[in-house]
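Worksheet for the structure shown next.
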Amino acid sequence: MAVLFLPSSSQCLFLALMLFLTNISAQTQQLSRTNFTCPVDSPPSCETYVTYIAQSPNFLSLTNIANLFDISSLSISKASNIDEDSKLIPNQVLLVPVTCGCTENRSFANISYSIKTDDYYKLISATLFQNLTNYLEMEDANPSLNPNLLPLDAKVVAPLFCRCPSKNQLNKGIKYLITYVWKANDNVTIVSSKFGASQGDMLTQNNFTDAANLPILIPVTNLPKLDQPSSSGSISSSKKLPVIIGISLGSAFFIVVLTLSLVYVYCLKMKRLNRSTSLAETA
C-alpha cells in the first residue's frame, strides 16, 4: 500500500486550514443554538418584540434606546408597561417592537445603524445591541463594506435575531416569539415566570446548553405586562393613584376627627358654664 508523505510546509498549511475550518464551524454552531430559520408555514413577516436592558451611561434614556432602534419612545413605553417620561434604572428590562422577516431562509429584524467614530461590528453587536445580533451576521448583511475599515456615517444593517410563530404555534395560541438574550444566572423557571411563558414551550423552542449571552426565543400567548421597578425620579401613573387616594382618605379622616374633637370640647365647656350659672343662681 502506497503511503503519501506531505512535505513539512504543505503539512503545516494543511493543518492550519483544518484548524481554521474547525474554528469557523464551532463558532457558527455556538452562535446558532436556537433555530432562527424561517418556518415553511409561518407568515413572510410579522410584528414581534426583542428585549433590551437599560444600561448606563448612554442607555438609561428611553429616547436614546428608541433612536438606536429607529422607532418612537412611545412604542417602547407601551410595550414595556412604563410611562414615556419614566426615568430608567440600570438592568431594567424593556420590550422593543420590531418587524421580523425572512432573509435567505433566516429570520431577522433589520435595523439601520449609522457608523460612529471607532465603531466596529463586534462593538455594535455585543455592546450596543447587547448580542441580539453578532458580528458574523453583520458582515454578511453588509457585504460591500470592509469590516476592518468602516467609513464614518455609513449606514449599515444590524440583523437582529427574531422569528415569526409557525402555523402550529399560532393554532396553539402563541402570538409572539420574544427574542431574549440569555444571562449566565438565568433559569427557565424565573424567565418563564417573568414573561408569562410556558416552560415546556421554552424548552421545546430552545437549546439552553451553553446559551449564556446568546439569543433565545420566548413563546408567549399575549404580550407580557412586565413588573417594572420604580425609580426615585419617576412613579408610574398606576402607582400614583393609590398614593393619592391614601393621602386623600387620611386627610379626610384627620379633618373629621379634629372637627369632632372641637365639638366635644365646645359642648364640655358649655356644660360647665351652665352648671356654674345654675350654682350661682341657687346661692
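Taken together, the values in this text are just the output of simple stated rules run on the coordinates, not laboratory data. Not measured: the values here are computed from a predicted model. Every residue, glycine as well, gets a Cβ built from its backbone with ideal geometry; the counts of neighbours run over all protein chains shown.
List every residue pair whose Cβ atoms lie under 6 Å apart, where the two residues are 6 or more positions apart in sequence or sit on different chains, the first residue falls within segment 69-95 and is under 20 Å from Ala158 (Cα atoms), and the second residue, located anywhere, is charged (D, E, K, R) and in a loop (DSSP other than H, G, I, E, B).
Qualifying pairs under 6 Å: Ser73/Glu84.
Conditions (1) of a type in the set (S, T, N, Q); (2) more than 18 Å from Phe69 (Cα to Cα), marked per residue:
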| position | (1), (2) |
| --- | --- |
| Leu128 | no, no |
| Ser144 | yes, yes |
| Lys155 | no, no |
| Phe161 | no, no |
| Ala184 | no, yes |
